[in-house]
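Novice: Quick one: the structure is below, questions incoming.
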Amino acid sequence: DKLQKTLNAKDLDLVSISTNSTRSKVTSLSDYLNYEISVEEVIKGIIEEFGQFYELEELQLSDTDINEISRLTEKFNSYSWIYGRTHKFHITDQSGKLSLFVEDGIIREIRDSGEKISLNPDTTDVYFLPNSIEESAYDVTLKSRLLKAFF
């Protein structure tokens, strides 16, 4: 139930050139088992079965390997990798009044009832993320409206 609520997006009008997602029902493994199973148990089971199926042997990682894994983890967890390569899109809230135009993950324009909102020229790039909006130089009322409408 918690997972399903997390995965269900707000009913927003989103226009993008990217490929549409296919919606599927979210279920839990517990729905198919006669017992509760933890995430850790599922991960352990997948690793064991994968290893047996492909006849894999456990590796011993060197310090160099661990450093490289850390570097790549940091890279692929970065905002620029995850969001900075997104197609440009615009999104409108449920009321149809508040619209954001986003490019490379950065809010480029905000419109309220069709009128462009003038943003402080000192405002640095504000990413389409709640914490970026909260930390922005946008006025308090605008921040509140954006967070309520889109997150």
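No value in this document is a laboratory result; all are computed from the given coordinates. Quick caveat, the model's predicted, so the values are computed rather than measured. Here Cβ is always computed from backbone atoms with ideal geometry, including for glycine, and neighbour counts include all displayed protein chains.
Novice: Skipping prolines and chain starts, which residues have an amide H placed within reach, meaning under 5 Å, of the one on E109, given they are 5 or more residues away or on another chain?
Specialist: The answer is F101.
Novice: Right, next: Ratio of region 31-122's C-alpha Rg to 2.2 N^0.38 Å, to two decimals?
Specialist: So region 31-122 has a normalised radius of gyration of 1.88.
Novice: Moving on to the next point. When ranked by the protection proxy of mean other Cβ atoms within 10 Å per residue, highest first, what sequence do the peptides 46-57, 83-94 form?
Specialist: Packing order, densest peptide first, comes out as 83-94, 46-57.
Novice: Based only on Cα atoms, what Rg/Rh ratio does region 93-151 have, Rh being taken as Kirkwood's radius?
Specialist: Taking Rh as the inverse mean 1/r over Cα pairs, Rg/Rh reads 0.91.
Novice: Could you pull out the pairs from K88/K148; K116/K148; K44/K75; K25/K97; K25/K143; K88/K143 whose alpha carbons sit more than 28 Å apart here?
Specialist: Going by Cα-Cα distance, K25/K97; K25/K143 fall outside the 28 Å limit.
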